[in-house]
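The values are calculated or read from the model by the stated rules, or taken from the named source; none is laboratory data. Keep in mind that what you see is a predicted model, and the values were worked out from it rather than measured. Cβ placement follows ideal geometry from the backbone for every residue including glycine, while neighbour counts extend to all protein chains displayed.
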Amino acid sequence: MMFLQYALWGAWLPVTARYLSASISDGGLGFSGSQIGMILGLAGSIGAIAAPFIAGQIADRYFSTERILAFLVTTGGIVKWYTSLQTDYESWLILSILYSILYMPTLALSNSITFSHIDDQENDFPKIRVWGTIGWIAASWAFPMIWLQTDLQFQSMPPFIVGAEVPDVTARLVDALKFSGGISIIYGAFCFLLPNTPPKEDASEKLAFKKAFKLFQYSSFTILVISSLAVSIIHQIYFLQTGPFLSHIGIPDSQIGPAMTIGQFAEILTMAYLGYFLKNIGFKRVITIGIAAYCMRYAIFGTELLPVWVMIVSQAFHGFCYAFFFAAAYVYVDKIAEEDVRHSAQTVFGIIILGGGPVIGGWLSGYLQNAYTSVYRLPGPDLIVFDYSIFWYTLSAIGLVTTSIFYFSFKEQA
């Protein structure tokens, strides 16, 4: 389940920003930074905000979770395929919003199914969730190897397996959406093989999401939410800007997806030992390390004197970013939530990390890109230069401040 859940996401997300930002003459759509922020930021936020009121409520109160999951991922796959056929901004925005409403709830639902069928959350969940990371890697590598490159060969530097690019490589990036759509439909069929996860019939509160919001009575949850908002902002910008940034420093379009999966390889290792660290150093220190990893990764991105290979390898920090922050946070939310609202508790938390954060991140990405872009008047076409260095340093500073706030404010509660 986790393999397919994240494979369908990893198939399209790493390369979409590059396709949307590339000029029409290069095979892209030529969208502006603000438009891309709306498509990949605002659209996802709407789906995350709607999630507790749609999937969470239904899964906690009315229908079996695996059947809702099957409907959402299958329908989402059809929408994603159709999106790949569009070329105008309005269609992309509307279809991306629709897709997010269908897909975003499935992230929390897949977590909820997992938590419902394991006994030791801190040890068992990371071992299952790591298959999502493997799925992301598999999809991110399979697509370019099959569709964007020829004559594959091994090399010592990441992404290790590369080949000559096909002539229309940038235009072919959009086919990643079709690849994702196919995975989604397969996933939908697989959902019917998952263990039955029925709604809680003895729930005391009719509206599950309403009761889930009562988690804010825990100061630790409130601090976690505030920190998550800041982290999810800079996390979203990573997916908006890293593809174009890697292209800027000389990484071929066909290698952007595989290069970004270095972070997922590191995530496999960190997820494997997440349970150990949670039990031995606690949620506070683990999550603090996860936030600090964002600060370090963006600081390296912003240091232009470093060689390209260091920029690429530094994405290994993503393993700590995701496993030590997001995965640990999901486990903590499930730990403090009552049994009959755990589905909705996950989706309420998802409002912050997949709702509020991305919409602000999309706006902030466009704002900073405009602020740090200089236009030089030349006899021919104007020279437009985006200062990536100060851009990444700004995000690193946000990570540093958030790390400090969380570490000095968070106190674990049972």
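For region 256-270, the criterion of a residue being more than 16 Å from the chain's Cα centre (by Cα) and either basic (Lys, Arg) or surrounded by fewer than 23 Cβ atoms within 10 Å (Cβ to Cβ) (or both) is satisfied by at least one position.
Of all residues in region 319-339, one or more are of a type in the set (D, E, K, R) and crowded, with 19+ Cβ neighbours inside 10 Å.
For Arg129, the conditions (1) in a helix (DSSP H, G or I); (2) farther than 25 Å from Leu72 by Cα; (3) among the charged types (D, E, K, R) all hold with the exception of (2).
So, of the residues in region 145-159 that are free of Cβ contacts under 8 Å to residues at least 40 places away in the same chain and not in a helix (DSSP H, G or I), which turns out to be nearest to Leu173 (Cα to Cα)? Checked region 145-159; the qualifying residue nearest to Leu173 (Cα to Cα) is Thr150. For region 328-342, the set of residues classified as within 18 Å of Asp119 (Cβ to Cβ) and modelled with pLDDT under 70 consists of Arg342 only.
Residue count for region 112-134 satisfying the condition of being closer than 17 Å to Arg67 by Cβ and either small (Gly, Ala, Ser) or buried (at least 19 other Cβ atoms within 10 Å of the Cβ) (or both): 4.
Sub-7 Å Cβ pairs linking a first residue in region 270-281 that is more than 12 Å from Phe125 (Cβ to Cβ) and free of Cβ contacts under 8 Å to residues at least 60 places away in the same chain to a second residue that is assigned to a helix (DSSP H, G or I) and not small (Gly, Ala, Ser), at least 6 apart or interchain, are Thr270/Phe320; Thr270/Phe324; Phe277/Val286, ordered by first then second residue. Where the second residue is assigned to a helix (DSSP H, G or I) and acidic (Asp, Glu) and the first is closer than 22 Å to Phe125 by Cβ and lies in region 309-325, which pairs have Cβ atoms under 6 Å and are six or more apart or on separate chains? Every condition considered, the pairs that remain are Gly319/Glu267; Tyr322/Glu267; Ala323/Glu267. Among the residues of region 95-144, those identified as over 27 Å from Asp168 (Cα atoms) and β-branched (Val, Ile, Thr) are Ile97, Ile101, Thr106, Ile113, Thr114, Ile118, Ile128, Val130, Thr133, Ile134.
Residues in region 82-116 that are at pLDDT 90 or above and out of contact with any helix residue (DSSP H, G or I) (no Cβ under 7 Å at 6 or more places or on another chain): Leu85, Thr87, Asp88, Glu90, Ser91, Ile94. It is to be established whether one or more residues within region 47-56 are touching a His at 6+ places or on another chain (Cβ under 7 Å), surrounded by 23 or more Cβ atoms within 10 Å (Cβ to Cβ) and part of a helix (DSSP H, G or I). Yes, some residue in region 47-56 is touching a His at 6+ places or on another chain (Cβ under 7 Å), surrounded by 23 or more Cβ atoms within 10 Å (Cβ to Cβ) and part of a helix (DSSP H, G or I). Would you point out the residue of region 1-33, among those that are among the hydroxyl-bearing types (Ser, Thr, Tyr) and part of a loop (DSSP other than H, G, I, E, B), that is nearest to the chain's Cα centre (by Cα)? The residue in question is Ser32.
Helices (runs of 4 or more DSSP H) fully within region 328-414 that include at least 3 residues being small (Gly, Ala, Ser): 342-350, 357-371, 388-409.
The residue of region 57-81 that is modelled with the lowest pLDDT, among those that are of a type in the set (A, V, I, L, M, F, W, C) and surrounded by 18 or more Cβ atoms within 10 Å (Cβ to Cβ), is Ala59. So, in region 82-94, of the ones that are hydroxyl-bearing (Ser, Thr, Tyr) and assigned to a helix (DSSP H, G or I), which residue ends up surrounded by the most Cβ atoms within 10 Å (Cβ to Cβ)? Among those that are hydroxyl-bearing (Ser, Thr, Tyr) and assigned to a helix (DSSP H, G or I), it is Thr83.
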